[in-house]
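Heads up: the structure comes next, in structure tokens.
The values are calculated or read from the model by the stated rules, or taken from the named source; none is laboratory data. Bear in mind that the values here come from a model prediction, so they are computed numbers and not experimental data. When we count neighbours, we look across all protein chains shown, and the Cβ atoms used for this are built from the backbone with ideal geometry, even at glycine.
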Amino acid sequence: MILRRALLALLALAVVVTVAGCGSSSTTSSTATSSASSASDILRIPYLADMSVPDPDIFYDIEGNSVILSAYEGLLKYAPNTDKIVGDLATSWSESPDRLTYTFHLRPGVRFHDGSPFTAASVIASFKRRLNVGQAPAYMVKPIASMTTPTPLTLVVKLKEPVDPFLDYLASSWGPKMIGPEALVTHAGKDFGQSWLQTHDDGTGPYQLTEFARGRQYVLTRYENWWGTKPFFQKVLLKITPDIGTQQLELENGSVDGIMHSFPAANLSSLPAGVKVKLQAYVSGCPSGSADWLASSCAELPTGTCCSPPAFAIGGVSCVLIRTVSLALLPCTSLTTNFKLYTPATSATNVGATELPFDSAALLPAGAVNVH
């Protein structure tokens, strides 16, 4: 199989998970989508299942989160692979000593996909909409007592009582997202825009949802007026393919460019030599508070190196490491067990962790070499 896009595919997918859109929010056909762009700037990724609905005030699932995070943005977010809260549409913020008042200074020059400017009033409208819709994610804004806008780009939020995870609510993947007036005013209807947002978006992200064909595919189109760095891919096609075996066949014949998750590690040996893999590890079963996450040090390794997780025992309790193939099109020529364990107190040390024997060679794709 010929490798196309390879590492760029992984980098772009990371953007798709945290970034999104362009132009009007109305849907278009996939035929027009494919013909308008060259193959080199289209990323094709399968989903195992339909997402529930592309409405950020209703969506509370896993599959489809990349669509939400590509089309919409919140005030805050987590820095990649950490629990550090950083600004997104808010450039800075402060908390009062009594933890009841939060002041957010907003990013200038941001526009919704309908072309309207993003302001502090937009945040208030979006927060109120989440409350009015009243679905599962609404609890994140229920502690708010009042909101004011001293300037067009300053928002002051006062809480009813101190809420320790309030900033985490805002940074969460399922936290409040900013929704523009095309959804909240023009297409509000009698359900606060819920009907319209089943097949459209009006966010501020780098990609716009330009097609939502339930059971078939979704199309994300790059938003050329996005405030951030222009994403590499002009379009991202997300095809609904419920069977992982079918996804593997499509990967092998070039119909898709990668598999996001749930690829069985036992099937790695069946992949052709031209297909390269990246393994990601997720910690399960660790003692509470012992480790926030297990993150690979791939960023510190030479380009072309893949990471595979070791096993750890923390505080005498073994942690189960779930291995899934993230994107099986990386141009890696080697596999490494070079992983770091992050703890809340010591951010980059293996304090309290004991590495257990791990045979990464058993997971090597054909032609790869194990390195330590």
Evaluation of VAL67 against (1) surrounded by fewer than 21 Cβ atoms within 10 Å (Cβ to Cβ); (2) under 21 Å from GLN198 (Cα atoms) (one fails), failing number: (1)
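From the list ALA183, ALA138, ALA145, ALA171, which residue is more than 27 Å from LEU220 (Cα to Cα), in contact with a Lys or Arg (Cβ under 9 Å, 6 or more places away or on another chain) and touching a residue at least 12 places away in the same chain (Cβ under 8 Å)?
On the way: ALA183 fails: more than 27 Å from LEU220 (Cα to Cα); ALA138 fails: more than 27 Å from LEU220 (Cα to Cα); ALA171 fails: more than 27 Å from LEU220 (Cα to Cα).
Checking each option against the conditions leaves just ALA145.
Pick from ASP83, ASP114: which is touching an Asp or Glu at 6+ places or on another chain (Cβ under 9 Å), assigned by TED's automatic domain parsing to the domain that holds MET140 and closer than 18 Å to GLY175 by Cα? So that I can check it myself, show each step before the final result.
Numbers: ASP114 fails: closer than 18 Å to GLY175 by Cα.
On inspection, the qualifying residue turns out to be ASP83.
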Filter result (within 14 Å of the chain's Cα centre (by Cα) and among the aliphatic types (A, V, I, L, M)) within the stretch 68-92: ILE68, LEU69, ALA71, LEU76, ALA79
Any hit, the stretch 185-196, residues being modelled with pLDDT of 95 or more, among the hydroxyl-bearing types (Ser, Thr, Tyr) and farther than 20 Å from PHE127 by Cβ: yes
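For (1) at pLDDT 70 or above; (2) among the polar types (S, T, N, Q), each residue gets a yes or a no:
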site	(1), (2)
CYS22	no, no
THR27	no, yes
THR82	yes, yes
LEU106	yes, no
Test for THR119: is it more than 30 Å from ARG214 (Cα to Cα), outside the structural domain of HIS200 (by TED's automatic domain parsing), surrounded by fewer than 21 Cβ atoms within 10 Å (Cβ to Cβ) and over 23 Å from the mean Cα position of the chain (by Cα): yes
Answer residue from the stretch 116-135, given it is out of contact with any helix residue (DSSP H, G or I) (no Cβ under 8 Å at 6 or more places or on another chain) and free of Cβ contacts under 8 Å to residues at least 24 places away in the same chain and is nearest to VAL156 (Cα to Cα) among those: LYS128
Subset of the stretch 195-220 (residues that are under 24 Å from ARG129 (Cβ atoms) and β-branched (Val, Ile, Thr)): THR199, THR204, THR210
Residue match in the stretch 35-42 (condition: surrounded by 14 or more Cβ atoms within 10 Å (Cβ to Cβ) and modelled with pLDDT of 85 or more): yes
